[in-house]
Amino acid sequence: MSFYLKSLTSLEKEIIEELEKLYIYDCHEHLPPESERLLREPDAFTLFSHYCQHDLYTAGMDKGTMKKILWQAGDIDWKWKKFKPFYEKMKHTSYCRAAHITMEKFYGEKTLNSKTVHSVTERIKAANKKGLYDNVLNGTCKIITSINCDGPLDDTHNGRIRQTIRTVDELCSYEQIQKQLGSEKPVCSVDDILQACEKLVVNAKKRGAVGVKFMAFYIDGATKEDAAATLKSLCSDHSLHLPRRNPLNEYVLTFMMRTAHKYGLVCCMHTGYWNDYRELSPSNLLPFIIENQDVKIDLYHAGYPYLREAIMLGKVWPNVKMNMCWTYLISQRFAFDALDEMIEMLPDNKIFGFGGDYYVVEKVFGHLIMARETIARVLAKKITEKTLTEKRALEIAKKMLYDNPKEFYGLKDFDCTF
Ligand SMILES: [Zn+2]
């Protein structure tokens, strides 16, 4: 229990022990193929890449320095000197907590300092060999399968990674359209675009993908004629750059959602938190959902900060599931409130309890510890309040972490004695 908060009650600890026994499905990652990771030269700072860089940046680190420290090989002492002042400012955040838990588990140090940067670097380099993914994901985290985004479709890691593709979007200029869809010939009509989009989905399905990832942009009811008029103006003026909220982008988004469904793929929907998050409220999807109640939607990130807009979709529509991926990292306090309210409001087949949402594989463990901790704290609260019995609470936990994603994505168990 050494990675968990010292303040946990005995009931919370007891629940965590039960959660640790479960083999689970990991509902969202950004893992590169293991072979790609092994080609990199990781060091202690690799553990502070990905989401930690948001906190380093907002603490004041410039992007050029950050790139050199986090994403390039280089002199460790120089890196530490540059890293330290910003690390001091953000080492308490939840992004950093996951990095610290990970570092302690795999590389034996709780925090970074002028000495541990070297010992952690040596150990992470030594561990960077074939078997790393199996060791972390399957051996340590008890993950049966990870649903992954941005990886090559043929990277299945013996079936333990299932890929999703990204949809075509950002159709805001002539150049963006041709870049995404005009590889064979320039795309000049809406039908050309739809044909190219369908080809992408068919190819993904054929090669074993389980979903298409979307961003929850506005849906204003654009028709094919509206999309054609937008395309016409972009084709006649190549300097024109429209906002993302435009009829062509929207028409293609809804076409892709329907097409994903037609070929048996889930629509994995990013909602909330990302740059201009105002464009990504879960409630943007409502007009589509009302018209398309057969399309399977996996709603990511509990809509942060639009939690209740997200819950409303899960509450009302059978085809919408709530995915807690990334949430414990954003804020455990937020995730606690989200789960607390969701469990009160939703049937037990609606929530997917965990998705690491990480690029650096070891960090999935850090996030999983935080997820177990939060899930246990919410369930303990409900047991103490007597709104759930302990048996029912554990049943709900198992459904969130195992049964629900398995059923929704049609996944299969492996022999779990890895
Ligand atoms: Zn993600």
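The values are calculated or read from the model by the stated rules, or taken from the named source; none is laboratory data. Nothing here was measured: the structure is a model prediction, and the numbers come from that model. Cβ coordinates were reconstructed from backbone atoms using ideal geometry, including for glycine residues, and neighbour counts include every protein chain displayed.
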Notebook entry, point to check: For region 336-356, does any single residue satisfy the condition of being under 25 Å from LEU31 (Cβ atoms), out of contact with any strand residue (DSSP E or B) (no Cβ under 8 Å at 6 or more places or on another chain) and within 16 Å of the ligand (Cβ to nearest atom)?
Noted result: no
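For region 289-306, does any single residue satisfy the condition of being of a type in the set (A, V, I, L, M, F, W, C), under 14 Å from the mean Cα position of the chain (by Cα) and surrounded by 19 or more Cβ atoms within 10 Å (Cβ to Cβ)? Before you say what the answer is, go through the steps one by one.
Start the filter on region 289-306 by keeping residues that are of a type in the set (A, V, I, L, M, F, W, C), which leaves 289-290, 295, 297, 299, 302.
Within this subset, residues satisfying the condition of being under 14 Å from the mean Cα position of the chain (by Cα) are 299, 302.
Narrowing the set further to residues that are surrounded by 19 or more Cβ atoms within 10 Å (Cβ to Cβ) leaves 299, 302.
For region 289-306, residues of a type in the set (A, V, I, L, M, F, W, C), under 14 Å from the mean Cα position of the chain (by Cα) and surrounded by 19 or more Cβ atoms within 10 Å (Cβ to Cβ): present.
Just to confirm my filter: which helices (runs of 4 or more DSSP H) fall fully inside region 1-66 and include at least 2 residues that are under 21 Å from the mean Cα position of the chain (by Cα)?
Values: elements: 10-20, 34-39, 52-59.
So the answer is 34-39, 52-59.
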Item checked: Subset of region 298-321 [touching a helix residue (DSSP H, G or I) at 6+ places or on another chain (Cβ under 7 Å) and of a type in the set (A, V, I, L, M)] -> LEU299, ALA302, LEU307, ALA310, ILE311, LEU313, VAL320
Margin query: Would you confirm whether or not region 26-35 contains a residue that is surrounded by fewer than 14 Cβ atoms within 10 Å (Cβ to Cβ) and without any contact (Cβ under 8 Å) to a residue 24 or more places away in the chain?
Written below: yes
Next item on the list: Would you confirm whether any residue within region 298-319 is under 27 Å from LYS224 (Cα atoms), within 16 Å of the ligand (Cβ to nearest atom) and at pLDDT 95 or above?
Entry: yes
Check: Looking at region 261-280, which of its residues are free of Cβ contacts under 8 Å to residues at least 60 places away in the same chain and either buried (at least 22 other Cβ atoms within 10 Å of the Cβ) or within 15 Å of the ligand (Cβ to nearest atom) (or both)?
Finding: CYS267, MET269, HIS270, THR271, GLY272, TYR273, TRP274, ASN275, TYR277
Next item on the list: Determine if region 131-145 includes at least one residue that is modelled with pLDDT of 95 or more, under 18 Å from VAL266 (Cα atoms) and not hydrophobic (A, V, I, L, M, F, W, C).
Entry: yes
